[in-house]
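Q: I have a structure I would like to understand better, so I am pasting it below and will then ask my questions one at a time.
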């Protein structure tokens, strides 16, 4: 890379030869996306319109036990502090789009450290996949559904009184 291109792009860009990757904090002209970096300085995703988006490879990045997506704890706290409302992971291998709220990630996620620093994982049941409702989503009762009667007697106990 020439000195001119190096200055223009914020330094060395990894392309082989073991050089370190160095990013600058500019966004492409016309883009409102803000880059997000890990504590190590590695680019991990973007924020646009209150949505954090990260491109991942499930074979490499998805936790196997339990099946979950994870994010650095410091990054998650930073995203919440920056007003992010949703987290979207795009699996580049399958094309699936996983989406959850930042509130769900922070309240239902579990802290762990498997040698890469403190991370928070959120099991797949809390993620919307390709727009479908999450498997563990809180469901409101159907107001048009019938009411199940008590096994013995009226609506309450066996003597007909309300429980």
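The values are calculated or read from the model by the stated rules, or taken from the named source; none is laboratory data. Only a predicted model underlies this, so the values are computations on that prediction, with no experimental measurement involved. Note that each Cβ is placed from the backbone with ideal geometry, even for glycine, and that neighbours are counted across all protein chains shown.
Q: If a residue has to be over 12 Å from the mean Cα position of the chain (by Cα) and either in a strand (DSSP E or B) or at pLDDT 95 or above (or both) to count, how many in region 62-73 make the cut? Step through it out loud before you land on a result.
A: Step one: of region 62-73, the residues over 12 Å from the mean Cα position of the chain (by Cα) are 63-67.
Checking which are either in a strand (DSSP E or B) or at pLDDT 95 or above (or both) leaves us with 63.
Looking only at that region, the number is 1.
Q: Determine whether residue 106 is within 12 Å of the chain's Cα centre (by Cα), touching a residue at least 12 places away in the same chain (Cβ under 8 Å), more than 17 Å from residue 49 (Cα to Cα) and surrounded by fewer than 17 Cβ atoms within 10 Å (Cβ to Cβ). Lay out the reasoning, then the answer.
A: Values: within 12 Å of the chain's Cα centre (by Cα): yes; touching a residue at least 12 places away in the same chain (Cβ under 8 Å): yes; more than 17 Å from residue 49 (Cα to Cα): yes; surrounded by fewer than 17 Cβ atoms within 10 Å (Cβ to Cβ): yes.
For residue 106, the condition - within 12 Å of the chain's Cα centre (by Cα), touching a residue at least 12 places away in the same chain (Cβ under 8 Å), more than 17 Å from residue 49 (Cα to Cα) and surrounded by fewer than 17 Cβ atoms within 10 Å (Cβ to Cβ) - is met.
Q: Out of all the residues in region 75-85, which are out of contact with any helix residue (DSSP H, G or I) (no Cβ under 7 Å at 6 or more places or on another chain) and under 11 Å from residue 36 (Cβ atoms)?
A: Restricting attention to region 75-85, the residues satisfying the condition of being out of contact with any helix residue (DSSP H, G or I) (no Cβ under 7 Å at 6 or more places or on another chain) are 75, 77-78, 81-83.
Passing the criteria: 75, 78, 82.
Q: Any idea which of (1) part of a loop (DSSP other than H, G, I, E, B); (2) within 16 Å of the chain's Cα centre (by Cα); (3) modelled with pLDDT under 95 is the one residue 84 doesn't satisfy?
A: (3)
Q: Out of region 49-61, which residues are surrounded by 15 or more Cβ atoms within 10 Å (Cβ to Cβ) and at pLDDT 95 or above?
A: 51, 52, 53, 54, 56
Q: Restricting attention to region 102-135, and to residues there that are in a loop (DSSP other than H, G, I, E, B), more than 18 Å from residue 79 (Cα to Cα) and in contact with a strand residue (DSSP E or B) (Cβ under 6 Å, 6 or more places away or on another chain), which single residue is modelled with the highest pLDDT? Spell out the reasoning first.
A: Looking only at region 102-135, we keep the residues that are in a loop (DSSP other than H, G, I, E, B), and these are 109, 113-118, 127, 130-135.
Filter once more, so that each one left must be more than 18 Å from residue 79 (Cα to Cα): 113-116, 130-135.
Filter again for in contact with a strand residue (DSSP E or B) (Cβ under 6 Å, 6 or more places away or on another chain), leaving 130, 134.
Numbers: 130: 93, 134: 86.
Among those that are in a loop (DSSP other than H, G, I, E, B), more than 18 Å from residue 79 (Cα to Cα) and in contact with a strand residue (DSSP E or B) (Cβ under 6 Å, 6 or more places away or on another chain), it is 130.
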